[in-house]
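*Asks:* Next up is a structure, given as structure tokens.
The values are calculated or read from the model by the stated rules, or taken from the named source; none is laboratory data. It should be emphasised that the depicted structure is a prediction, and the values quoted were computed from it without experimental measurement. Glycine gets a Cβ as well: all are built from the backbone with ideal geometry, and neighbour counts include every protein chain shown. Surface areas here come from the heavy atoms of the whole protein model, side chains and all, with no ligands, DNA or RNA. Shrake-Rupley method; radii C 1.70, N 1.55, O 1.52, S 1.80 Å.
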Amino acid sequence: MSKFSKIVEAPAGSKSILQGNAAFALGVVHAGYHAADGYPGTPSTEVIDKSLAFVQDKIQVGWSVSEAVAVGVGVGHAIAGFDTVITMKIPGVFQAGDNISSAAFYNSDAGALVFFVASDYIPSSTQHLVDPRYFFASIRLPVLEPLNHQEMYEVAAAAADISRKFNTPVVVLASGSLTHSEGLVVSGEQRIIKPRELPPDLRDWMCMPNFARKNYDIVNVNRIPSIEKWSETTELAKETEGSEDWGIITCGINDIICKEAFQLAGLNPPMLSLGLTYPVPSETIKRFANRIKGKVFVIEDGYRFLWERVKLLGIDAIGKEETSNITDWTPGKVLEFLSGHIDFPYKFESKRIDIAPVPRPPGICPGCSYRALALAIQKLKRKKKIYASFGDIGCSTLLYFFNALDTILCMGASDSLRQGFVMSRPEMAGNVISIIGDSTECHSGLDSTRNAVFRNVPGVKIILDNRITAMTGGQVAPSSENNLASQGHGFNLIRAIKAEGGRTVVVDGYNYEEVETELKKALELAEQGTYTTMVVEGPCIHQVESEDTVRQVAFDYEECVNCGLCNVCTGIELDENKKPSFTVLCTDCGEGQQVCMQVCPIEHAIFEVGEKEKQPLSLPPELKEIISTDAVSVDKDSLPETLRVAVRGIGGQGNLFFGKALSEVALRTPYIDTHIVKGDTHGMAQLGGPVISVFSCGKVYSPILAPHSVDVLVAMEINEILRPEFLDLLKPGGTIILNEFMALPPNTKKADYPAFDKIRNNLEGYKVINRDLYKAAEEIGDKKGRAANVIALGLLSVIEPFSQIPVGIWVNSIISISPNDFAKSANYIAFTKGRSLINN
């Protein structure tokens, strides 16, 4: 039984630390939904992928090829009488805009229809910052914005009830900072909802113009006023008493962000926190504003949707300026904003360091099957054979950082862009290309493929087929070999592309010579009027068996001429003399031929280890007997009121383990009766880019931490301590754990990297514990450094105030989240090693 299944079956009143997406998914199951559909899109994916997919005995679950298709499927479920949720991110709303806006005005009896939309106003993995509430309001859809992780669970039932009560689709607009962070959630009772009976016929579900006019009038005159009146009697607006003479009107996640800020600054304003932002509960807002003697402020993500509605009620509220760039709030931003309007004692000065961190853009993973193509395009661009590369959404977007991709628009639009460009400049048909991933081709790219044939536009379209929806975590796609959804039909991407027409060629993504040769040929044929679809095949490296990612190559330094041409991924780094060496990130190109060997101009300078025993391969640590301890308790009075830690590193270092382990620790202490929150970076930043993980427990609120609130900062890579605002999080007297590890970003010279001594000198005045955690991992037999994060956790456990938690609780927690006996033993060894480092 999966972990999520166990949580689903746990009795009412059970406490779990859940990601916001998982909390919503749990609410969906407990609310009695019958179906869930969607398209993977960070930060909404895990509602289905990591949660509902594991309880298909309770709910019908599946991925559709696009958001528009998923909405159509969801409406079909609802017409059949089934309560249904459709998941997506904000760009998916507009991809499915026609379907959503048409469905919005249906008002006959049906199953509940809920659109779960995750926002990304930072953004971390989204191409725009559009506030969709204006669109939802224009099509008269009620919008719920959950305030915290508990409401992420409860909002599923509330949305279904509203949908059935008022015969309307409902939008749950959840902040990505909630969906991708975790918090303590208390479960309720499961309920069983019977599907609605089918009507005699479906003629009410029609949107011809005369029906559209009638439905619009009904929805406009009846639905929205009825929901607004009803909302005045519900708990969708929560008022918090306060002692200040000024007040806050807020919505969504900003309820807990404001509370985090006010706790730090010692402020106690009255607050009105809205879980329903369309329609707004007008009378509730007016009553609240009338009780405030001083100024009223509106704090909201996105643009100024809520502020505009408050102003329309005749309330002189203060919100963001029209040209404000604030789309997402942090505790620090809230306090800075308020300080411009009112006086309060809290003052904050940012710590300034004279060293700028090296840029660390996300990149394709070490061993990615896209690398050979990227190098081939680079080479052809240098030779002026390729002028531009039109790109798409997904992992292929990251080829931008290889100078192998120039521009993107949206899902599926890469070849449409190329076609328009070529139709305007036909003489350049052989000088431009388009690039798209396999799942994106299935999403909406096939339309462009068909259009190129239909419009007879010559050129080259490249499909990077890694057989998965990789960017969002490896969800099944129509092109996947293990696509259970297509059993009995057997969708085949290559056959589908060939059926569209044009020339189709398939190449091995790990064969650099084949990729370059076929790309050159396709470009030459484009000049003669041919349209070619070139499919570059190779599995996502994260879907490859771990034994195939152990490095099997080494450098022969007697043959190497230090030309630097092998420096094509983060699995290799060069010293100041261009002498190469493999890093712990090397994955041996998985199942494919190592690309570094293919681009090396000197035969045998890079060789397979089986030929010459030059470098030992990574060996597993020597196992010890699994240590189990009795249950350990700790008195509440011996613990601090709060604990907070923030960890920075780079994607692939296992930073997420910190929060997972610390959550288990907190659940075994009296903090379980307060609150536990953790947050992590998700999306493109995971792919070799900067990653931050935060954890807090006790009297805490938000996964986004306030300045001067963190007890310990951990930097798993030395350059990451320099990231803006990271040092500002540390409270006076706090501690920094600094890992003496350097990972050069692609195309970065070692001379451009800040020297460790210079970084250390700039941290003078801080309490810094610097250790080489990868060297410590090697000392216990872990030559790939996979245990460095567990070693850091062991070191953290002996640093105040975390040392106040008994070691037995730490050990039991780590063992409980280790998946097998080997992992339990290895993690125990690493944790013990970390604790010993305090004396070094």
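*Asks:* Please enumerate the residues belonging to segment 320-345 that are more than 27 Å from the chain's Cα centre (by Cα) and either open to solvent by 40 Å² or more (accessible area, probe 1.4 Å) or polar (S, T, N, Q) (or both).
*Replies:* Of everything in segment 320-345, those that are more than 27 Å from the chain's Cα centre (by Cα) and either open to solvent by 40 Å² or more (accessible area, probe 1.4 Å) or polar (S, T, N, Q) (or both) turn out to be Glu321, Glu322, Thr323, Glu336, Ser339, Gly340, His341, Asp343, Pro345.
*Asks:* Which residues, taken from segment 376-417, are among the aliphatic types (A, V, I, L, M), open to solvent by less than 20 Å² (accessible area, probe 1.4 Å) and more than 24 Å from Gly474 (Cα to Cα)?
*Replies:* Ala376, Ile377, Leu380, Ile386, Ala388, listed by residue number.
*Asks:* Additional query: Can you name the residue in segment 228-281 that is among the charged types (D, E, K, R) and touching a helix residue (DSSP H, G or I) at 6+ places or on another chain (Cβ under 8 Å) and is also surrounded by the most Cβ atoms within 10 Å (Cβ to Cβ) among such residues?
*Replies:* So the residue we want is Glu260.
*Asks:* Give the residues of segment 689-700 that are open to solvent by 10 Å² or more (accessible area, probe 1.4 Å) and more than 21 Å from the chain's Cα centre (by Cα), sorted by residue number.
*Replies:* Passing the criteria: only Lys699.
*Asks:* Right, something else. Got a sec? Which strands (runs of 3 or more DSSP E) wholly within segment 56-168 have at least 2 residues that are open to solvent by less than 20 Å² (accessible area, probe 1.4 Å), in contact (Cβ under 8 Å) with a residue 40 or more places away in the chain and within 28 Å of Gly394 (Cα to Cα)?
*Replies:* In segment 56-168, 84-89, 113-118 are the strands (runs of 3 or more DSSP E) which contain 2 or more residues that are open to solvent by less than 20 Å² (accessible area, probe 1.4 Å), in contact (Cβ under 8 Å) with a residue 40 or more places away in the chain and within 28 Å of Gly394 (Cα to Cα).
*Asks:* Ok, one more. Only one of these is free of Cβ contacts under 8 Å to residues at least 24 places away in the same chain and under 24 Å from Val185 (Cβ atoms): Glu46, Glu9. Name it.
*Replies:* Glu9
*Asks:* Right, another one. Taking Val29 as the residue in question, decide whether it is open to solvent by 10 Å² or more (accessible area, probe 1.4 Å), touching a Lys or Arg at 6+ places or on another chain (Cβ under 6 Å) and in contact (Cβ under 8 Å) with a residue 60 or more places away in the chain.
*Replies:* Here the answer is yes, as Val29 does meet what is asked.
*Asks:* May I ask you to list the residues in segment 767-794 that are more than 17 Å from Met742 (Cβ to Cβ), over 28 Å from the mean Cα position of the chain (by Cα) and hydrophobic (A, V, I, L, M, F, W, C)?
*Replies:* If the condition is that a residue be more than 17 Å from Met742 (Cβ to Cβ), over 28 Å from the mean Cα position of the chain (by Cα) and hydrophobic (A, V, I, L, M, F, W, C), then Ile769, Ile780 are the ones that fit.
*Asks:* Determine whether segment 216-227 contains at least one residue that is in contact with a strand residue (DSSP E or B) (Cβ under 6 Å, 6 or more places away or on another chain) and either surrounded by fewer than 18 Cβ atoms within 10 Å (Cβ to Cβ) or touching a residue at least 60 places away in the same chain (Cβ under 8 Å) (or both).
*Replies:* no
*Asks:* Considering only residues of segment 191-203 that are over 40 Å from the mean Cα position of the chain (by Cα) and over 26 Å from Ala156 (Cα atoms), which is least open to solvent (accessible area, probe 1.4 Å)?
*Replies:* It comes out as Asp201.
*Asks:* Give me the residue from segment 732-768 that is in a loop (DSSP other than H, G, I, E, B) and among the small types (Gly, Ala, Ser) and, out of that set, farthest from Asn789 (Cα to Cα).
*Replies:* Among them, the one singled out is Gly765.
*Asks:* Same structure, new question: Hey, any hits in segment 391-400 for a residue that's of a type in the set (Asp, Glu) and either over 23 Å from the mean Cα position of the chain (by Cα) or within 13 Å of Cys569 (Cβ to Cβ) (or both)?
*Replies:* no
*Asks:* Condition test on Arg835, is it basic (Lys, Arg), crowded, with 18+ Cβ neighbours inside 10 Å, in contact with a strand residue (DSSP E or B) (Cβ under 9 Å, 6 or more places away or on another chain) and modelled with pLDDT of 95 or more?
*Replies:* So Arg835 does not fit the description; no.
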